[in-house]
1. Determine whether Q101 is open to solvent by 20 Å² or more (accessible area, probe 1.4 Å), modelled with pLDDT of 95 or more and part of a helix (DSSP H, G or I).
2. Assess whether D107 counts as being in contact (Cβ under 8 Å) with a residue 40 or more places away in the chain and among the charged types (D, E, K, R).
3. For segment 209-250, which residues satisfy the criterion of being open to solvent by 50 Å² or more (accessible area, probe 1.4 Å) and of a type in the set (S, T, N, Q)?
4. Just give me the residues in segment 141-151 being of a type outside the set (V, I, T), in a loop (DSSP other than H, G, I, E, B) and either modelled with pLDDT of 95 or more or closer than 13 Å to T212 by Cβ (or both), in sequence order.
5. Please specify each residue of segment 274-311 satisfying the condition of being touching a residue at least 60 places away in the same chain (Cβ under 8 Å), β-branched (V, I, T) and open to solvent by 30 Å² or more (accessible area, probe 1.4 Å).
6. Considering only segment 198-207, I want to know if a residue exists there that is modelled with pLDDT under 90, more than 19 Å from E244 (Cα to Cα) and of a type in the set (V, I, T).
7. Quick check on my filter: what residues within segment 416-425 are more than 11 Å from A450 (Cβ to Cβ) and open to solvent by 80 Å² or more (accessible area, probe 1.4 Å)?
Amino acid sequence: MCASIFKLSALRLIPLKVITFLLPFVFLTLAQAQISPVLLTSVADATQEVPVLSIKGAIGPAVSDYLITEINAANQNAAPLVIIVIDTPGGLVSSLRDINQVILNSDVPIACLVHPPGARAASAGTYILYACHIAAMSSATTLGAATPVSIGGPATPTGKDSKDDKDSDQAPQKSAMEKKVLNDSIAYIRSLAQLRGRNEEWAELAVTEAATLTAKEALEQNVITLLADSPQDLLTILDGWEVEINDHFLTLSLSQASLKPVSPDWRNEFISTITNPNIAYILMILGIYGILLEFYSPGIGVAGITGAISLVIALYAFQLLPINYAGLALLLLGIGLLITEAMMPSFGIFGVGGIIAFTTGSIFLIDTKQTQFQISIPVIAAVTSVSVLFFLFVLGFLWRSRKNSIVSGQEAIIGAEAVVFDDFDTRGYVLLGGERWAAKSDTPVCKGQAVTVVSIKELTLILKATSDNTQDELASGVEHCSNNKEPDNGSHPS
């Protein structure tokens, strides 16, 4: 092409200046023509991957973090669809609402599938299923029982005969807080049903009466959108499906799409581990023990560093979990009473009170009726037993050992008693612990005399006579030292 342009220039059909000006645009067009198909192919390949996320087990902070992260990533990558496979008995309300908020604000359609056969979308799973743009279930799966567990129980009878009226009068009345929680849950699930055009009446029954449905019944009652046997089957069915996203209708084109299972990364696994209430509880106790050990028996800092790290991780986990601060206060009170019992024995009064406060605080530490997020009773019993032994024996021993005399180091030398090795007036040697030390004294001392070390200057001991020696004994000792010296008679060898 360039050769043809230069031939035209040679024939003076196109001026050379014009050719020089146009050449960069020609090369740019050719480069774009070569690169554009590659870019378009890459974009097409990237957008045709459908992330498949999974909820298996209780819904907590780790599951919430995992779903929120991956749904946001799918929005950034402009994925054509996100599939969430659900099999859950329920979970924390705070985590549920965080997940639903991301689903409701997603620009990418979210399809939820209760799968595999035998799975369930109970309690919190029902709310998520209502929030998704497309709700699907496999055969032999169930949903419902969405009553808040803190107020769960048999519904108030509403019969018309006298027996039913009598039972109704005897039924326990809900407290104001229980009514608020229940009405809030009803309004929340009805708003989701209205948004997605699904059965509002049954949604309310799922909250008030813990109603449940099978997959076929849910489809017949307009609780779900469709039935699908697997994520791949769901992807095939949804090709060409029209879905409403943010008041706009979008037709899904999934003929070339492929499923991409996305598992939780190491961060989600770490959060899942530390937000296990049993793990967080043990980490908190280890953190407190480590810091206490470091204070009572200072060393190279291993106990203090380990305790500080454990305590910080535990506090991070607790801020993700529903903590009962009264339970935490009781737990800390119990630790304080056990420490007091170790330092100031009180015939067991502080010890018994500490055990009761520690155990009660541990039981009420996590404020939820979800069994998956409660501290196990065997774990509480084991930790309480170990804590009692730790505080009464280990800390008690360390506290008593602080009062023992020092037996090594410079502190053990100062105040110790030494024996004079040989007579001297100012400088000489003494025996201390079987070793000969250079010594200095302001008064003359005699061989075998007991002296006290008052300080150390470099490697020289500074001495003073022991307080047990009276002035007469000291005077006689000095005289004895003088008598031991050879008299000077003035004669000198020739």
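The values are calculated or read from the model by the stated rules, or taken from the named source; none is laboratory data. Keep in mind the model is a prediction, meaning the values are calculated, not measured. Cβ coordinates were reconstructed from backbone atoms using ideal geometry, including for glycine residues, and neighbour counts include every protein chain displayed. Just the protein is used for accessible areas: all its heavy atoms, side chains included, with ligands, DNA and RNA removed. Shrake-Rupley method; radii C 1.70, N 1.55, O 1.52, S 1.80 Å.
1. Judged against the criteria, Q101 is a match.
2. Numbers: in contact (Cβ under 8 Å) with a residue 40 or more places away in the chain: yes; among the charged types (D, E, K, R): yes.
When the stated conditions are applied, D107 passes them.
3. Within segment 209-250, T212, T214, Q221, N222, Q232, T236, N246 qualify.
4. A145, A146
5. Just the residues of segment 274-311 that are touching a residue at least 60 places away in the same chain (Cβ under 8 Å), to begin with: 275, 277-278, 281-282, 285, 289, 292-293, 296-297.
Restricting the remaining residues to those that are β-branched (V, I, T) gives 275, 282, 285.
Scanning segment 274-311 gives a single hit, I282.
6. Step one: filter segment 198-207 for residues modelled with pLDDT under 90, giving none.
No, there is no match, as no residue in segment 198-207 is modelled with pLDDT under 90, more than 19 Å from E244 (Cα to Cα) and of a type in the set (V, I, T).
7. F421, D422, D425
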